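All remarks here apply to the structure that follows.
Where a number appears in this text, it was derived from the coordinates with a stated rule and is not lab data. Owing to the predicted nature of the structure, the values given are computational and were not obtained by experimental measurement. Methodologically, a virtual Cβ is constructed for each residue, glycine included, from the backbone with ideal geometry; neighbour enumeration extends over all protein chains shown.
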Amino acid sequence: MIIGLVGKPSSGKSSFFKASTMIDVKISPVPFTTIQPNIGIAYIAIDCVEKELNVKCNPKHGYCKNGKRFIPVKLADVGGLIPGSHLGKGIGNKFLDEIRQASALIQVIDASGLTDSEGNPATNYDPNTEIEFLENEIDLWFADVIKRALQKITKVSSKAELIQILSEQLSGLELTKSSIEKALEQTSYTDAENFARAIRKISKPIILAANKIDLKHAQENFERLKQKYKSIVPTSAEAEIALKKASEKGLIEYSAGNGFEIKGSLEENQKKALDFIKTEVIEKYGSTGVQNCLNKAVFELLNYIAVYPVADTNKLADKDGNVLPDVHLVPQNTTAKELAFKIHTTIGEKFIAGIDARTKRRLSADYQLKNNDVVEIIFSK
Ligand SMILES: Nc1nc2c(ncn2[C@@H]2O[C@H](COP(=O)(O)OP(=O)(O)OP(=O)(O)O)[C@@H](O)[C@H]2O)c(=O)[nH]1
Ligand SMILES: [Mg+2]
C-alpha cells in the first residue's frame, strides 16, 4: 500500500515523512525545498494478536515491540502545490504522478497559519484556504490523467464493457472496478472533470494532518477546522522527529503514538525541548499525532482491516516456522479467495478453502474476512 503526502510548500510534508520513516531528507522553511519525491517505509501500528493467541511472533516484514505490531507501508513525499500548479505555477504538478498508485492521501497543512498559500511567512493565514485550493489542484491533476486515458476510448456498447475499458485505461491509478462503477453512478465519464472529481474522492480520499500543532494559534485553528472536517488529526512532525532521535540516543523511553519517559541524564537544552513537547503537544493531544494520522488513514479513512495469513493453523506459522509472519492490510469485505490472490496469484488460482486458526472452521472462497483474522489458505499443489 502507498500513502501520499501532499500539501502547500513548507507545511511540513518532508518533516512528516522524516518523522515516519526516519530517512534524513531535506527540510527547510524555504518553499519548494522538495523537488524530487522521497519514497520510504512508514509503519501502521496495531495491537498484535500474539498476546491473545499466547505466542511470540517473528514478523518477516516490519516488527513487533511491546505487543504493538508495526506493519510497513510505502510513504511518498512530493513537492508543494500552490494555487495554479495545474497551469505550471511553482514547480507544476507533474511530480504527482509519483502518487498515482496511492490508496490514500495525507494533506499536511500548516495549522499555525504562519505561512501563506505559497509557503512564505505570513500572520494569521487561514488554513481552510489551503485545504480548499489543494483539493482542487489534486482533482485537476487527476482530471488531466483521466482525460488522457479517455481519449483512447471510442465506442462502448454496454455498461460492463465501459467499466472494463475504463479500468484498463486507468490501471495506472490503482482503481477498483467498484470505484469506477460508483463514480459512474454520480456522473457520466464524458464529463471528464466531474468524473475525475468523483472518482478521486472515492479512490484517493484525503485525511488532514493539522501540522505544527505545537505553534501559537495552531490550537484555535485546529478547533475551528475540526467543526468542518471529519478526518483531521493534530500533528507535530517536528516533535515526533525530536522524540525518535532522543529515543535513539537512549535519553527517553518512547514508542510512536504514545507519551515518553525520561531515562537518561539530560542537558539543560534537551530538558527544555522535551518539556515543551510534553506540555504543548503530549498533554494537550495525547501524542505527536504522526502515528495516529497514519493509522487513521488506513483504518478510518480507507476502512481497512488487518489479517494474518499462516501456513499452519496449529503452529500459527509459515512453512519455515515463523510465527505470525505476515499481516496484510486489506479493504473491509475482502474475501478469503481475494486474500489468497494478494498472497500470490498461483495461490489464488489454486484456492480450495480457508481455515480460521481460532475456530479451525473451514472458510469458503467468498467468506468475508474480519479484522485480526488469522487464516490458512488451502490450495491445490
Ligand atoms: N514548529 C514546527 N515546525 C515544523 C513542523 N513541521 C515542519 N516544521 C518546519 O516547517 C518548515 C518546512 O518544513 P518541510 O518539512 O521542509 O516542509 P515541506 O512541506 O516539505 O516543504 P516543501 O518541500 O518546500 O514543499 C521547516 O522549517 C520545518 O522545521 C512542526 O510540526 N512544528
Ligand atoms: Mg518537502
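Data for the structure
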| item | result |
| --- | --- |
| Cβ-placed point charges (K, R +1; D, E -1), dipole of the chain about Cα centre in debye, nearest 20 | 880 |
| Simple label model, 7 Å out from Cα along Cβ direction - ASN194 to ASP97, nm | 3.0 |
| Förster radius 41 Å - calculated FRET efficiency between ASP126 and SER28 (Cβ-Cβ, nearest 0.05) | 0.95 |
| Rough spin-label spacing in nm, given labels placed 7 Å along Cα→Cβ, for LYS245 and GLU174 | 3.0 |
| Three semi-axes of the equivalent ellipsoid, region 152-198, Cα gyration tensor, whole Å, largest first | 14, 13, 11 |
| Where Rh is the Kirkwood radius over Cα pairs, Rg/Rh for region 224-381 | 1.15 |
| Estimated dipole of region 304-379 in Debye, rounded to 20 [Cβ of Lys and Arg +1, of Asp and Glu -1, Cα centre] | 220 |
| Charge-dipole axis of region 1-146 as Lys and Arg at +1 and Asp and Glu at -1 on Cβ define it, positive-most pick from THR129, LEU87, GLY119 | GLY119 |
| Cα centroid separation - region 1-55 against region 112-181, whole Å | 22 |
| Low-density loop positions, GluC sites (Glu not before Pro), region 226-323 - DSSP coil, at most 10 other Cβ in 10 Å | GLU267 |
| ASN333 versus LYS60: modelled label distance in nm, points set 7 Å from Cα along the beta carbon direction | 2.9 |
| Charge-dipole axis of the chain as Lys and Arg at +1 and Asp and Glu at -1 on Cβ define it, positive-most pick from ILE343, LEU215, GLY259 | ILE343 |
| Computed over the chain, Cα set: Rg, Dmax in Å | 22.4, 73 |
| Pairwise centroid distance, computed over Cα atoms, of region 205-281 with region 300-353, Å | 35 |
| Size of charge dipole - region 152-198 - debye, nearest 20, with Cβ of Lys, Arg +1 and Asp, Glu -1, no other charges | 80 |
